[in-house]
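Reviewing the structure listed below.
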Amino acid sequence: MKVLVAIKRVIDYNVKVRVKADNSDVDLANVKMAMNPFCEIAVEEAVRLKESGVASEVVVVSVGSKSCEEQIRAAMALGADRGIRIDAEDGPDSLSVAKLLAKVVEQEQPGLVILGKQAIDSDNNQTGQMLAALLNRPQGTFASEVKVEGEQVIVTREIDGGLQTVALDMPAIVTTDLRLNEPRYAKLPDIMKAKRKPLEVKAPADYGVTVASKLSLVSVELPATRQAGIKVASVDELIDKLRNEAKVI
Amino acid sequence: MTTLVIAEHDNNELKSATLSTVTAATEIGGDVHVLVAGSQCQAVADAASQLAGVSKVLLADNSVYEHQLAENLGQLVVSLAGDYSHILASATTTGKNFLPRVAALLDVNQISEVIAVVAPDTFKRPIYAGNAIATVKSEDAVKVMTVRATAFDRCATGGSAEVVSVGESCDAGISKFVGEQLTVSERPELTAASIVVSGGRGMGSGENFELLYKLADKMGAAVGASRAAVDAGFVPNDMQVGQTGKMVAPDLYIAVGLSGAIQHLAGMKESKVIVAINKDEEAPIFQVADYGLVADLFEVIPELESKL
């Protein structure tokens with residue numbers, strides 16, 4: 001069984017984002033970029049499926065400019081076998097990405113597609129679900145455990161009240177939550193080896209998809225900031241303030 | 001212009017997140033309909049019919065919707081979508097699960113986690129873990145969006161909308177519910193509580209959370225945690241408050257032994273009053289706290305509990 005993993009290049013999660021002075025967007029010039037943390041978990045899960053003999057090949061795909069090949073190589077260093085980059089301007093909309101991924105799935109015929117549940121830049125949490133819908137396949141979102149059993153994949157999902165387990169007919173789409181696994185660090189020899197693994201570059205036109213969105217960004221602003229309040233010296237003072245000043249208890 | 005709100009419920013009870021989503025729908029303007037899809041969920045439909053501003057409740061009562069499987073629910077909503085200009089769900093794990101399917105099948109993008117309605121086609125939503133707020137405009141024929149409950153007040157009750165059954169049984173037949181493990185707690189639900197007490201890595205262990213449970217029980221509060229406390233294995237993930245956990249906005253938020261990482265602040269900074277208790281006076285949490293107490297939590301939490 002083949003596993004397809006879709007990944008996204010995003011701002012490094014340790015970097016605090018700045019808004020451009022003209023409020024047109026966030027400022028990504030000279031900012032450290034990295035693989036989206038949820039995508040890293042997706043790659044790790046796929047590689048573990050291969051190591052345990054469930055998967056035979058792990059293919060990584062990303063939609064973006066040439067710079068995202070850095071993240072595809074990073075995924076290969078973690079154990080993915082080959083990569084596909086679909087050339088597009090950075091920041092394509094989720095629906096276009098889902099349409100492109102659907103075409104890749106039709107060509108590659110994976111048994112499982114694993115994606116991160118959300119990218120930490122746009123925070124949309126939708127591409128995996130959209131892909132599943134376009135393919136008319138089942139989805140196991142926010143996964144904390146993935147088990148392949150015959151023709152089915154059993155996915156434990158993190159839901160608001162606890163955990164839910166679903167059984168999905170394969171091929172199926174899984175999106176990862178934080179606790180699914182802890183991604184490994186790439187070893188130097190693997191980083192070197194990754195440079196020689198095959199990486200194919202495609203254009204959206206190769207798949208007959210036009211990357212265009214009817215959703216436009218009007219402006220970006222900083223959120224309202226909260227002012228720091230006061231320090232209290234004791235529990236008694238705290239209780240007094242909460243009771244008589246804030247009136248919340 | 002008519003908006004369809006998909007109700008959040010457990011077949012018995014309408015969840016408060018739906019009340020906030022109805023408020024967002026009312027702000028868009030036009031009629032508001034609510035879809036209750038579930039199994040033996042007449043009581044939920046009756047509750048929805050009493051929401052102020054709702055003119056019609058669609059009830060799809062069928063065993064295929066019992067567990068709100070995204071594959072089935074998505075198909076149902078799409079089959080009803082023709083009559084609507086806007087389709088809204090709460091940004092809960094249920095809404096986030098099925099609504100993007102609806103958007104994709106309607107060939108439109110989804111607008112996620114809306115926090116403000118600027119115009120019927122223009123909305124505000126947080127990006128980069130709430131470190132920036134984007135205003136987005138959609139030219140899609142149908143606006144499909146999830147709504148962040150903490151950003152909108154709950155709508156009033158006292159209405160009396162008609163309840164009509166919608167018949168279609170959409171069973172995609174490709175996914176099955178196997179089971180669930182829901183956290184059983186006597187305390188209020190984290191996202192609906194008016195007081196939340198949260199612990200961070202400073203709690204030191206899962207056993208020490210007992211201090212917070214005691215305090216919470218005295219105050220009628222829910223208990224949350226930072227991602228660091230969850231990652232350290234102190235408490236289960238469904239207690240996590242933050243970008244990757246739950247969004248809360250209670251009247252009072254008490255952060256205990258918690259530094260206040262950006263991703264945690266993203267989940268609680270809309271709280272009305274924030275109290276921080278931490279022995280490190282440099283902790284970033286103090287920058288957003290209305291009242292800060294620099295002290296050892298193991299001394300002051302029992303003291304606070306006994307004095308309340």
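The values are calculated or read from the model by the stated rules, or taken from the named source; none is laboratory data. In this text, all values refer to a predicted model and were calculated from it rather than measured experimentally. Note that we place each Cβ from the backbone using ideal geometry, even for glycine, and neighbour counts take in every protein chain shown. These accessible areas exclude ligands, DNA and RNA; they are computed on the full protein's heavy atoms, side chains included. Shrake-Rupley method; radii C 1.70, N 1.55, O 1.52, S 1.80 Å.
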Inset, instruction - Filter the range A:169-197 down to the residues that are touching an Asp or Glu at 6+ places or on another chain (Cβ under 9 Å) and among the acidic types (Asp, Glu), then identify the one that is farthest from the other protein chains (Cβ to nearest Cβ). - result: A:Glu182
Inset, instruction - Answer with yes or no whether B:Gly202 is modelled with pLDDT of 95 or more and outside the structural domain of B:Tyr128 (by TED's automatic domain parsing). - result: yes
Inset, instruction - Might you check whether a residue that is more than 18 Å from A:Pro92 (Cβ to Cβ), assigned to a loop (DSSP other than H, G, I, E, B), open to solvent by 60 Å² or more (accessible area, probe 1.4 Å) and within 11 Å of another protein chain (Cβ to nearest Cβ) occurs anywhere in the range A:206-224? - result: yes
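Each row is one residue, and each column tells you yes or no for (1) in contact with a Pro (Cβ under 7 Å, 6 or more places away or on another chain); (2) in a strand (DSSP E or B); (3) among the polar types (S, T, N, Q).
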position	(1), (2), (3)
A:Cys68	no, no, no
A:Ile84	no, yes, no
A:Ser96	no, no, yes
A:Ser122	no, no, yes
Legend entry - Top-ranked residue of the range B:284-302 - restricted to ones that are farther than 11 Å from B:Leu211 by Cβ and of a type in the set (D, E, K, R), ranked as surrounded by the fewest Cβ atoms within 10 Å (Cβ to Cβ): B:Asp296
Inset, instruction - State which residue is farthest from the other protein chains (Cβ to nearest Cβ) when the search covers only the range A:225-247 and only residues that are open to solvent by 70 Å² or more (accessible area, probe 1.4 Å) and of a type in the set (Val, Ile, Thr). - result: A:Thr225
Legend entry - Test result for A:Leu134, of a type outside the set (D, E, K, R), part of a helix (DSSP H, G or I), surrounded by fewer than 24 Cβ atoms within 10 Å (Cβ to Cβ) and at the interface with chain B (Cβ under 9 Å from one of its Cβ atoms): yes
Legend entry - Members of the range B:38-64 found to be touching an Asp or Glu at 6+ places or on another chain (Cβ under 9 Å), under 15 Å from B:Glu8 (Cα atoms) and part of a helix (DSSP H, G or I), listed by number: B:Gln42, B:Ala43, B:Val44, B:Ala45, B:Ala47, B:Ser49
Inset, instruction - Give B:Val136, B:Val77 a once-over and let me know the one that is within 13 Å of chain A (Cβ to nearest Cβ) and in a helix (DSSP H, G or I). - result: B:Val77
Inset, instruction - May I ask you to say which residue of A:Ala42, A:Ala46, A:Ala102, A:Ala77 is surrounded by fewer than 24 Cβ atoms within 10 Å (Cβ to Cβ) and either away from every other protein chain (no Cβ under 14 Å) or closer than 24 Å to B:Ala134 by Cα (or both)? - result: A:Ala77
Inset, instruction - Of all residues in the range B:194-220, count the ones that are open to solvent by less than 10 Å² (accessible area, probe 1.4 Å), among the small types (Gly, Ala, Ser) and either within 12 Å of chain A (Cβ to nearest Cβ) or in a loop (DSSP other than H, G, I, E, B) (or both). - result: 1
Legend entry - Residues that are open to solvent by 10 Å² or more (accessible area, probe 1.4 Å) and within 24 Å of B:Val57 (Cα to Cα), drawn from the range B:134-150: B:Ala141, B:Val142, B:Lys143, B:Arg148, B:Ala149, B:Thr150
Inset, instruction - Please state which one of B:Val273, B:Val223 is within 24 Å of the chain's Cα centre (by Cα), more than 12 Å from chain A (Cβ to nearest Cβ) and open to solvent by 10 Å² or more (accessible area, probe 1.4 Å). - result: B:Val223
Inset, instruction - Would you check which residues across the range B:85-133 are open to solvent by less than 10 Å² (accessible area, probe 1.4 Å) and hydroxyl-bearing (Ser, Thr, Tyr) and list them? - result: B:Ser90, B:Ser112
